[in-house]
Amino acid sequence: MMNEQRFQSLSHWGAFTAVVADDRVVRCEPFARDPAPSPMLDAIPAMVHSDLRVARPAVREGWLKGRTQSDRSKRGREAFVEVGWDEALRLVAGELERVRAAHGPSGLFGGSYGWASAGRFHHARTQLRRFLFAGGGCVDQLGNYSWGAAQFLLPHVIGTFAPVTGRVTDWASIVANTKLVVAFGGLAIKNGQVTAGGAGEHTMAKWLRAAKDAGVEFVVVSPTRADAPDFLGAQWLSIRPNTDAALMLGIAHTLIAERLHDDAFLARYCTGFERLREYVLGSVDGVAKTPEWAASICEVPTDAIRTLARRLAANRSMITVAWSLQRAQRGEQPYWMAIALAAMLGQVGLPGGGFAFGHGSTNGVGNPRLDLPAPELPIKANPAARAIPVARVADMLLHPREPFEFNGHTDYYPDVRLVYWAGGNPFHHHQDLNRFRRAWAKPETVIVHESWWTATARHADIVLPATTVLERNDVGGSSRDRYVFAMHQAIRPVAASRNDFDIFNELAVRVGGEDAFNEGRTEMQWLRWIWDGVRESAGSRGVELPDFNVFWERGYVELPPPEKPFVLFESFRADPDANPLKTPSGRIELYSERIASFGYDDCPPHPAWLAPNEWLGAPAAKRFPLHLVTIQPPDRLHAQMDPGPVAQANKIAGREPIRLNPSDAAQRKIKGGQVVRVFNERGACLAGAVIDDGVRSGVAVMATGAWYAPDAKGLELAGNPNVLSLDVGTSRLTQGCAALSVLVEVERYAGKAALPPRSSPVSSPTPAPVPHARSRKTPAMRRGTVLQRAQPPRKTARRKPR
């Protein structure tokens, strides 16, 4: 019988206990208090011990021979040579010093993107930024791909973007008070499997069932029926993608025409309604935004639009909008218009009423929780004071020194010579990957920390092997979840991998900034420091938490429930003069003078219908007549664990599925299970056809996250839809991701394409791993103790620079 040991840990798809035997993860058992654990946990053991792990530091052959004079277009197509850690760190340090000396901090791009680890200390983006900032700074990123447009719009309208991060009227208030929930973009339970920072409990299904049992009625506005679970019995309004703002305007016209709007609320709590009213009635452009007008755009029946407007006005109503709606060209408009509708109904700040964002986008949104911060590792200011909007990476690399507009300012793209990436996968989350690949060939050097041979690692020059969550200690938790977890190292680092903190610490010794980076603390001392911050914050709010030793031994703490349900803008409604919003007027701005001063024709000063370049009403739809809707996959997190058994079990002929309406499939003589080619002017990928009458006609649905794998002719083999998406900003105001504005055509694939590669690109692997003295075995492991019971080491003296 195997000698099994058990270790508490945490992932973005839930808390679990890792069962380990002979230094291998055997299985992952869900946290006992989780009512709906994610099946994605089943993929963790296979991925931790995958043949696709980056075993040792590796350098692209051409770069190793020619360094900055190598053919950069061969990134992604050239083999790698393994080198020792000393050689790899010497190469990385040399490049950092060379670029800083020749081009200053603006020559370095600190590329990363969240979701790298549920642990807050070993969060790759945080560690990367701390390292580069300590060494003099770099070009940083602003915003995110998930809700970047909302992040920069909402402060102009309601003074904060906190509601889009999850601080919205909670489910307890909705269950007790709401009669009608209208969900633009849906309430897909699959999205509730994950949350940044991890989850002790998955609550979306629990709260939806509670709302249904309490008599709450649901209307789901989406091009796919699957965006609402069957048990809700929701009314499905099958809308054309990207037309939600037009539908909302048609609802607003009915509210005004039938005098169902709340004049008193609009006068006391809002500014600019008269300007919006003129637009809705057609006084500005001669086009009244009637339900008939809206129906001609969104193809929701006129009677359904009027009926919905009347139901919203007659009931305590919650308008909730998925994050996906603002990930489209002109994606600001449905968010702004949803706020306007809630204001017109006069229900903002009432229990169970008003507006919200993200209830169906990730786990924990609306979860009742005390307003306490999650565990966090601090980041100091960037000395370079340079940053670009996160989704404009390709523009930056392709157009150095050219101007761009963003949120009322004009800036210039820096001339980046070195990209340093740790955490995240731009070959998953960026758009128009063929364009992105051309941009990626511009920098002189690309350095990546990665655990697996992802597309990002394959397109690097130097790859440093990083540990996974089970190969290090950490503290994890989310501001949307009631639990904070001690994450115990379960196994030794696989092969020669090291954690990001150790890698950056050793680099800081070589290039400078060691004291600023590590601040004299080891891993365990940092974890104690982070926990003490959580404990102090909780104590200031009257919540007593145990000391670090007790927390580490126990493995987790559960925060007490809030005393009463949270209602968004409750205090503002009670007294708007004493509790003004952080907008110029202190009120909800339905017309923004500040945005008007920017002069952006792609984001006017009030919500409006602005047609995207690609939608089913565009001229381009004659050539590419299907609107491609890309969704969060049900069997992985973004691209994480795509090669794992859970995701692979759902592939069709080794490709990502594409869902088609039966009429669209029949028109193209496509049958379920066949390999199809999905294409437009930007690129093409292969996929496996699924026929689904829950998909609106004229719409195709694919999950994101298949590992990017183009063949020699550029045909993407795995089914990565971002070879098709449009790489433009949502608008000049927010410059967010516009991945959901894309038209395609689909046809049966007659050729015989190779399967996506599933092997290491290393030319001649080193036969045996080289142990790393600092992270191969922790002090606790060398003492022979089980990490789950390990006490943190005594505080040591600050290490002197070597």
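The values are calculated or read from the model by the stated rules, or taken from the named source; none is laboratory data. On a predicted model such as this, the values are computed, not experimentally measured, just so you know. Here the Cβ is made from the backbone with ideal geometry for all residues, glycine too, and neighbour counts use every protein chain on show. Areas reflect the complete protein model, heavy atoms only, side chains present, ligands, DNA and RNA absent. Shrake-Rupley method; radii C 1.70, N 1.55, O 1.52, S 1.80 Å.
Details
- The stretch 546-583, residues that are within 22 Å of A486 (Cβ to Cβ), free of Cβ contacts under 8 Å to residues at least 40 places away in the same chain and part of a loop (DSSP other than H, G, I, E, B): P546, D547
- Matching strands (runs of 3 or more DSSP E) fully within the stretch 175-289 where at least 3 residues are open to solvent by 10 Å² or more (accessible area, probe 1.4 Å) and modelled with pLDDT of 95 or more: 235-238
- In the stretch 446-474, residue most open to solvent (accessible area, probe 1.4 Å) [restricted to those that are farther than 24 Å from A18 by Cα and part of a helix (DSSP H, G or I)]: R458
- Verdict on G751 being among the small types (G, A, S), free of Cβ contacts under 8 Å to residues at least 24 places away in the same chain, open to solvent by 20 Å² or more (accessible area, probe 1.4 Å) and farther than 15 Å from P657 by Cα: yes
- Which numbered condition W115 misses (of (1) under 28 Å from V511 (Cβ atoms); (2) modelled with pLDDT of 95 or more; (3) out of contact with any Lys or Arg (no Cβ under 7 Å at 6 or more places or on another chain)): (2)
- Residues in the stretch 108-142 that are open to solvent by less than 10 Å² (accessible area, probe 1.4 Å) and of a type in the set (G, A, S): G110, G111, S112, S117, A118, G119, A124, G137.
- Within the option set E558, E589, being of a type in the set (D, E, K, R) and surrounded by fewer than 20 Cβ atoms within 10 Å (Cβ to Cβ) holds for one residue only, E558.
- With respect to the conditions (1) assigned to a helix (DSSP H, G or I); (2) without any contact (Cβ under 8 Å) to a residue 12 or more places away in the chain, V509 falls short on a single one, namely (2).
A quick yes/no check of all residues on (1) within 20 Å of the chain's Cα centre (by Cα); (2) of a type in the set (D, E, K, R); (3) closer than 19 Å to F357 by Cβ:
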{"residue": "G159", "(1), (2), (3)": "no, no, yes"}
{"residue": "F184", "(1), (2), (3)": "yes, no, yes"}
{"residue": "G192", "(1), (2), (3)": "yes, no, yes"}
{"residue": "K212", "(1), (2), (3)": "no, yes, no"}
{"residue": "V219", "(1), (2), (3)": "no, no, yes"}
{"residue": "I256", "(1), (2), (3)": "no, no, no"}
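- Qualifying residues in the stretch 617-656 (those that are open to solvent by 30 Å² or more (accessible area, probe 1.4 Å) and touching a His at 6+ places or on another chain (Cβ under 8 Å)) - the one farthest from V221 (Cα to Cα): Q640
- Pairing residues of the stretch 124-140 that are among the hydroxyl-bearing types (S, T, Y) with residues that are open to solvent by 20 Å² or more (accessible area, probe 1.4 Å), at Cβ distances under 8 Å and at least 6 apart in sequence or on separate chains, gives T126/R120; T126/I379.
- Looking across the stretch 704-739, the residues that are among the aliphatic types (A, V, I, L, M), in a loop (DSSP other than H, G, I, E, B) and open to solvent by less than 20 Å² (accessible area, probe 1.4 Å) come down to A706, A709, L717, A718, L724, L733, A738, A739.
- Looking across the stretch 351-392 at every residue that is charged (D, E, K, R) and open to solvent by 10 Å² or more (accessible area, probe 1.4 Å), the one that is nearest to A322 (Cα to Cα) is identified as R369.
- For the stretch 45-53, the count of residues that are in contact with a helix residue (DSSP H, G or I) (Cβ under 7 Å, 6 or more places away or on another chain), in contact (Cβ under 8 Å) with a residue 40 or more places away in the chain, under 30 Å from Y556 (Cβ atoms) and of a type outside the set (K, R) is nonzero.
- Lone qualifier among A439, A496 - being small (G, A, S) and over 18 Å from Y708 (Cβ atoms): A496
- Residues (open to solvent by 60 Å² or more (accessible area, probe 1.4 Å) and touching a strand residue (DSSP E or B) at 6+ places or on another chain (Cβ under 8 Å)) located in the stretch 393-404: R401, E402, P403
- Listed by first and then second residue, the pairs linking a residue in the stretch 400-411 that is touching a residue at least 40 places away in the same chain (Cβ under 8 Å) and part of a strand (DSSP E or B) to a residue that is open to solvent by 40 Å² or more (accessible area, probe 1.4 Å) and not aromatic (F, W, Y), with Cβ atoms under 9 Å apart and 6 or more places separating them unless they lie on different chains, are F404/T410; F404/D411; F404/R732; E405/D411; E405/R732; F406/L142; F406/R732.
Listed here are the residues, each with its yes/no results for (1) within 30 Å of K582 (Cβ to Cβ); (2) open to solvent by less than 10 Å² (accessible area, probe 1.4 Å); (3) modelled with pLDDT under 95.
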site: N144; (1), (2), (3): yes, no, yes
site: G148; (1), (2), (3): yes, yes, yes
site: P163; (1), (2), (3): yes, yes, yes
site: D170; (1), (2), (3): yes, yes, no
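- Selected residue (only one of V19, V26, V81 is surrounded by fewer than 19 Cβ atoms within 10 Å (Cβ to Cβ), at pLDDT 95 or above and within 25 Å of E558 (Cα to Cα)): V19
- Within the stretch 88-101, residues that are assigned to a helix (DSSP H, G or I) sit with their Cβ atoms under 6 Å from residues that are open to solvent by 10 Å² or more (accessible area, probe 1.4 Å), at 6+ positions apart or across chains, in these pairs: L89/E506; A93/R510; A93/V511; L96/V511; E97/V511; V99/R417.
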